[in-house]
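What follows draws every value from the coordinates through simple rules; no lab data is involved. Bear in mind that the values here come from a model prediction, so they are computed numbers and not experimental data. Every residue, glycine among them, receives a Cβ derived from its backbone with ideal geometry; neighbour counts consider all protein chains shown.
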Amino acid sequence: MVNNVKVHGYCDPRFSSVREVFLSNLESGDDIGASFAATIDGEFVVDIWGGYANPARTRLWHRDTIVNVYSTTKVMTALCMLMLVDRGLLDLDAPVAKYWPEFAQAGKEKIPVRYLLSHQSGLPGWDVPIPVETLYDWNRSVSLLAAQKPWWVPGKHSGYHSFTFGHLLGEVLRRITHKSLGTFFKDEVAIPLNADFHIGLPEAYDCRVGELCPPPILKPGDAGYVSPPAPGTILFRIGSNPIIPATKSQDRAWRAAEIPAANGHGNARSVARVASIFACGGELDGIRLLTKPTIEKAIEEQCYGLDLAFGIPIRWGLGFALPSKEVPLYRNPRSFFWGGWGGSHIGVDLDGHLSFSYVMNRMVNGTLGDKRSGDLIRAIFNSI
């Protein structure tokens, strides 16, 4: 137990149970430092934070503390692509090669853009062994993907595109807008919405970054232990090329790079703020980024079956997961969600005009969430 932990920020009395769960996570030690935020109709009903910004518990988690949220970044990337669809600049059914001609190599000339958003392109990793630094070298990483043969027949299966999701989509966006995805997100989303989220973090903000506590290394017999993937499997090929420890997030080169699938930095307030664009029908505070028909396209089921990387069924929309019997937390079928390695989470309930996010620095193994976010989500829905 951790004594004298304080929860800071605002919580509407209707959602007092959310604050209680959040405090319990901190007091139990399940969380070191964290933030949670929720909006209804674009207005914050919860915006709380507490604990410590580092595992040594020598730095407090402040209102403006931000951390690397890993794959929660993918929803930001998907939003950028949907904005291009909304503007008539991107056709989801057009071949990727229409926008990125070099992509047509190795039998990929007919792969439609929507396969990139729904993890069906067959390009979940790199064939050529690469160091972490290749992720920072945009031209090198996308050139390798353009030349590569798919790992399965595109459209037949999904297989989570852990890092390649951002590079593939980011290159399509760059060919259309002549901007990097991180720059487009900053100019077209973060600044207009006053959202403190960054894909490519300026060095001046390093002083606000919380230090991640890497997930525990589990042994056979430990609770939550899962056997490592067998060599040659999709998951093994993704996870071993390159191998990226959580401590890499402390490197300036990692933070500065634009890795639109994995190195976004923010907190729950900024994530929920961006997500509220979806919850509010595409317009927030007089700023319209999407139209409702495009949001409806985004939640159309693209595929639903065994994901070759996760090894469990995932129901994919355009850039995020949709509710399914395997993920029963979301009551409204017109919802979507995703998470980041270690436990961060983003969720949207369109009919409830609700968005929420959980961001933390104590990591657990996995991407689809854990008891901490699950309890907070249940508390949110039970309070409505």
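Output ³J(HN,Hα) for the stretch 230-245: one whole-Hz value per residue in order, computed from phi by the Karplus curve 6.51 cos²θ - 1.76 cosθ + 1.60 with θ = phi - 60°, and x for Gly and Pro.
6, x, x, 6, 4, 5, 5, 5, 6, x, 9, 9, x, 7, 10, x
Which GluC sites (Glu not before Pro) in the stretch 80-165 sit in a loop by DSSP (not H, G, I, E or B) and have at most 15 other Cβ atoms within 10 Å of their own Cβ? Working shown, then result.
Numbers: sites: Glu102, Glu109, Glu133; in loops: Glu109.
Within the stretch 80-165, the qualifying GluC sites (Glu not before Pro) (loop, at most 15 other Cβ atoms within 10 Å) are Glu109.
Where the only charges are on Cβ atoms (+1 Lys, Arg; -1 Asp, Glu), what is the dipole of the chain about its Cα centre, to the nearest 20 debye? Mind showing how you got there, number by number?
Numbers: 38 positive and 38 negative charges, 85 e Å.
Using only the charged Cβ atoms, the result is roughly 400 debye.
Taking springs between alpha-carbon atoms closer than 10 angstrom, which of Trp338, Trp61, Trp100 fluctuates most in the Gaussian network model of the chain?
Between Trp338, Trp61, Trp100, it is Trp100 that shows the largest mean-square fluctuation.
Before anything else, pin down the relative contact order of the stretch 298-337: Cα pairs under 8 Å, at least 6 apart, normalised by residue count, whole percent. Mind dumping the intermediate values first?
On the way: 63 pairs, mean separation 13.4, N = 40.
For the stretch 298-337, the relative contact order is 33 percent.
If amide H atoms are built 1.01 Å from N in the plane of the peptide, which residues on other chains or at least 5 residues away come under 5 Å of the amide H of Ile259?
It is Gly200, by chain and number.
For Ala56 and Leu218, what does the FRET efficiency come to when R0 = 22 Å and r is the distance between their Cβ atoms, rounded to the nearest 0.05? Write out the running numbers ahead of the final one.
Details: r = 23 Å, r/R0 = 1.03.
Efficiency at R0 = 22 Å is approximately 0.45.
Amide H of Tyr52: which non-local residues (sequence gap of 5 or more, or other chain) have their own amide H closer than 5 Å, using H built in the peptide plane?
Gly33, Ala34, Trp61
Once label points are set 7 Å from the Cα along Cα→Cβ at both Lys110 and Glu203, what is their separation, rounded to one decimal in nm?
Spacing of the two 7 Å Cα→Cβ label points: 5.0 nm.
For a 29 Å ceiling on Cα separation, which of these pairs sit above it: Lys98/Lys248; Lys186/Lys248; Lys156/Lys248; Lys108/Lys297?
Those over the limit are Lys98/Lys248; Lys156/Lys248.
Using θ = phi - 60° and the Karplus curve 6.51 cos²θ - 1.76 cosθ + 1.60, what whole-Hz ³J(HN,Hα) does each residue of the stretch 296-302 get, with Gly and Pro shown as x?
For the stretch 296-302, the Karplus-derived couplings read 5, 4, 5, 9, 6, 5, 9 Hz, x marking Gly and Pro.
Applying the Karplus parametrisation 6.51 cos²θ - 1.76 cosθ + 1.60 with θ = phi - 60° to the phi angles of the stretch 30-39, what ³J(HN,Hα) value in whole Hz is obtained for each residue in order, glycine and proline being reported as x?
Karplus-based 3J(HN,Hα) across the stretch 30-39 equals 4, 10, 8, x, 6, 9, 9, 9, 9, 10 Hz.
Tell me what the chain gives for mean residue ellipticity at 222 nm when only DSSP H runs of n ≥ 4 count, each as -39,500 (n - 2.57), the sum divided by the residue total, rounded to 500 deg cm²/dmol.
On the way: 13 runs with 112 residues, N = 384.
The per-residue figure over the chain is -8000 deg cm²/dmol.
By average Cβ neighbour count within 10 Å, what is the ranking of 175-185, 1-11 from highest down?
Output ranking for 175-185, 1-11: 175-185, 1-11.
Which cross-chain or sequence-distant (5 or more) residues have an amide H under 5 Å from the amide H of Val7, H modelled 1.01 Å from N in plane?
HN-HN under 5 Å from Val7: empty list.
Where a Cα-Cα gap under 14 Å defines reach, which aspartates and glutamates qualify for Lys149, not counting those fewer than 8 residues away within the same chain?
Within the straight-line cut-off, Lys149 pairs with Glu102, Glu109, Asp127.
Do you know the relative contact order of the stretch 7-383, to the nearest whole percent, from alpha carbon pairs under 8 angstrom that are 6+ apart?
Numbers: 822 pairs, mean separation 93.7, N = 377.
The normalised contact order for the stretch 7-383 reaches 25 percent.
Show me 343-349, 90-96, 49-55, 125-131 ranked by packing, highest mean number of other Cβ atoms within 10 Å first.
Ranking, from highest mean packing down: 343-349, 49-55, 90-96, 125-131.
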